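Below is one structure, written out as structure tokens; the observations come after it.
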Amino acid sequence: MKSLSDPQHRVAIVERIKTVHPESRAVWGRMNAHQMLCHCTDAFRVAFGEKTVSPAPWPIPGRLLKLGALWFPVAWPKNVATRPEIDQAGGAGTNPTDFTLDRRKLIGSLDRFCRTDLELAGAVHPIFGSMSSADWKRWAWLHLDHHLRQFGC
């Protein structure tokens, strides 16, 4: 299973991020490509404890949802609402500024994420709750892959 704990998967995801352009069109969802870059950076900021988001209510307990979402080979559903605090298309997410700079910020956040042991840092996911380092690295790969596929990248 792909994860940011594998250096080859990490390099591949960075190369895909580099293919995103301001003109990249969404296949689904409300964000444009620039907003997506900022959303993914904001998601890393949540993991680092730099940005707080409200817990997401789900009818399935977070531990079970985490198991299915992270470790079963199924694609994440499209058009699931994000938390308002990291919603660039109508919420309080970080506003895009310069496209190239925001893309660099995402890649820098990804690099920092890969060097950080979030389990030891006590990071808590708003849906899945506490996660192991392996869970965090798998989540990050899936989250980035989901949004890169959203823009055909």
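No value in this document is a laboratory result; all are computed from the given coordinates. These figures come from a predicted structure and were not determined experimentally. Here the Cβ is made from the backbone with ideal geometry for all residues, glycine too, and neighbour counts use every protein chain on show.
Here are a few things to note about the model shown:
- Which of Lys137, Lys2 has the fewest Cβ neighbours within 10 Å, and the rest in rising order: Lys2, Lys137
- Taking every alpha-carbon pair under 8 Å whose residues sit at least 6 apart, the chain reaches a relative contact order of 41 percent.
- The Cα center of the range 126-146 and the Cα center of the range 13-31 differ in position by 20 Å.
- Shape index of the range 5-119: Rg/Rh, with Rg the Cα radius of gyration and Rh the Kirkwood radius from the inverse mean 1/r over Cα pairs, equals 0.95.
- Placing unit charges on the Cβ atoms only, positive for Lys and Arg and negative for Asp and Glu, gives the chain a dipole magnitude near 240 debye about its Cα centre.
- For Trp71, the shell of other residues with beta-carbons less than 10 Å away shows a net charge of +1, using +1 for Lys and Arg and -1 for Asp and Glu.
- Close Lys pairs in the range 36-153, defined as Cα atoms under 20 Å apart and 8 or more places apart or on different chains, number 5.
- By the count of other C-beta atoms within 10 Å, a proxy for reagent exposure, Trp136, Trp141, Trp71 are ordered fewest to most as Trp71, Trp141, Trp136.
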